[in-house]
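Asks: Sharing a structure below in structure tokens format, with a few things to ask.
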Amino acid sequence: MMESAVRQARIVGDLSVEAGRGPGQLLWYEFASQFVHGKTVLDAGCGLGEGLKTLQQAAREAIGQDLDPRLARPDIMIKPLQEIPSKSFDVVTSIDVVEHVEQDEDFIAQLCRIARDAVFVTTPNWTITRCQWPYHLREYTPKQLEALLKPYGTVQLFKGNSSGSVVFSVHHPVGYHLGNSLRAAPITSFVTRCVNRLLPTGSRIHGHNAALVRLG
């Protein structure tokens, strides 16, 4: 598990099948579609499956995975990731799921075991959001997310907003990590926030992380 403290959080789907599973990240699925054209895809932790529909328009085949039996349908399998064969899908996507998972390192390991080519994940940026959503066990800075994924391949970081309507590539990860560190430190936080507002949109610190891991 990453060093970020794990806290008590509500369980997704606790009050109703929709609780904590709103369709707020559909544009992240549209962004992810560019990596799945003509490929087989597993969407891990697919929830209600709304984003899965977007992947299915681009992929040769896209199947969802989750654990809540209320989510079962022909294109969503209800089983643990551990029961899915290794290298059984070209690409695995996981949109805003890792922050809900207690054993995050094992979760990422399973995604990379199942995928043949690549894994794409998104999650909030702790630097901005500070893990306030009641369903989140933890959140990650961009540097922490990169460290979680780097053992499995080449990591391309992205940044954007929570919906995915704004997305930029992180072309200079070292500089972006430094900016996030300054934004998080009490002594430099105020100045960094002020500077961040003056920067062009593509150069700013954003509230959401994403990463594509090309395996091997």
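Asks: Based on the mean of other Cβ atoms within 10 Å per residue, sort peptides 51-64, 125-138 so the most packed one is first. Display every interim value, and only then the final one.
Replies: Details: 51-64: 20.3, 125-138: 17.9.
Top to bottom by mean Cβ count within 10 Å: 51-64, 125-138.
Asks: Same structure, new question: Within a 10 angstrom radius of the beta carbon, how do Asp90, Asp104 rank from fewest other beta carbons to most? Walk me through the numbers before you get to the answer.
Replies: On the way: Asp90 19, Asp104 22.
The order, fewest Cβ neighbours first, is Asp90, Asp104.
Asks: What's the angle, to the nearest 10 degrees (0 to 90), between helix 189-198's Cα axis and the longest principal axis of the chain?
Replies: On a 0 to 90 degree scale, this one is about 80.
Asks: Give me the distance in nm between label points sitting 7 Å out from Cα along the Cα-to-Cβ direction at His171 and Arg214, one decimal.
Replies: 1.8
Asks: Moving on. Identify all aspartates and glutamates with a Cα-Cα distance to Lys87 below 13 Å; exclude those on the same chain that are fewer than 8 residues away in sequence.
Replies: Excluding near neighbours in sequence, the set is Asp117.
Asks: Quick check on the chain: helices-only [θ] at 222 nm, where DSSP H runs of length 4 and up contribute -39,500 (n - 2.57) each and the sum goes over total residues. Nearest 500, please. Can you show the working numbers first?
Replies: Working: 7 runs with 61 residues, N = 216.
Calculated at 222 nm, the ellipticity per residue is -8000 deg cm²/dmol.
Asks: Tell me, Ile187, Ile78 in order of fewest to most beta-carbon neighbours within 10 Å? Don't jump to the answer; show the numbers that get you there.
Replies: On the way: Ile187 8, Ile78 14.
Arranged by neighbour count, lowest to highest, Ile187, Ile78 become Ile187, Ile78.
Asks: Compute the angle between helix 173-184 and the longest alpha-carbon principal axis of the chain, please, reported from 0 to 90 degrees and rounded to the nearest 10.
Replies: For helix 173-184, the angle is close to 70 degrees.
Asks: Additional query: When Lys and Arg each count +1 and Asp and Glu each count -1, what net charge do the other residues less than 10 Å away from Thr127, Cβ to Cβ, add up to?
Replies: With Lys, Arg at +1 and Asp, Glu at -1, the net is +2.
Asks: What share of Cα pairs, in percent, lie more than 20 angstrom apart in the range 102-183? Intermediate results must be reported in sequence, preceding the final value.
Replies: Working: 1196 of 3321 pairs.
Distances greater than 20 Å cover 36 percent of the Cα pairs.
Asks: Beta carbons within 10 angstrom, averaged per residue: use that to sort the peptides 110-121, 20-31, 168-179, highest first. Please list the in-between numbers first.
Replies: Numbers: 110-121: 22.4, 20-31: 18.3, 168-179: 14.9.
With the highest mean Cβ count within 10 Å placed first, the list reads 110-121, 20-31, 168-179.
Asks: Using only Cα atoms, figure out Rg for the range 1-79 and give it as a multiple of 2.2 N^0.38 Å.
Replies: 1.20
Asks: In the range 1-155, what is the volume of the convex hull around the alpha carbon atoms, normalised per residue and reported in Å³?
Replies: Per-residue hull volume (Cα only) is 106 Å³.
Asks: Considering only DSSP beta bridges with both partners in the range 1-115, what is the antiparallel share in %, to the nearest 5?
Replies: DSSP beta bridges in the range 1-115 are roughly 10 percent antiparallel.
The numbers here are math on the coordinates, done by the rules we state, and not lab data. No experiment lies behind these values; they were computed from the predicted model shown. FYI the Cβ positions are ideal-geometry reconstructions off the backbone, even for glycines, and counts take in every protein chain you see.
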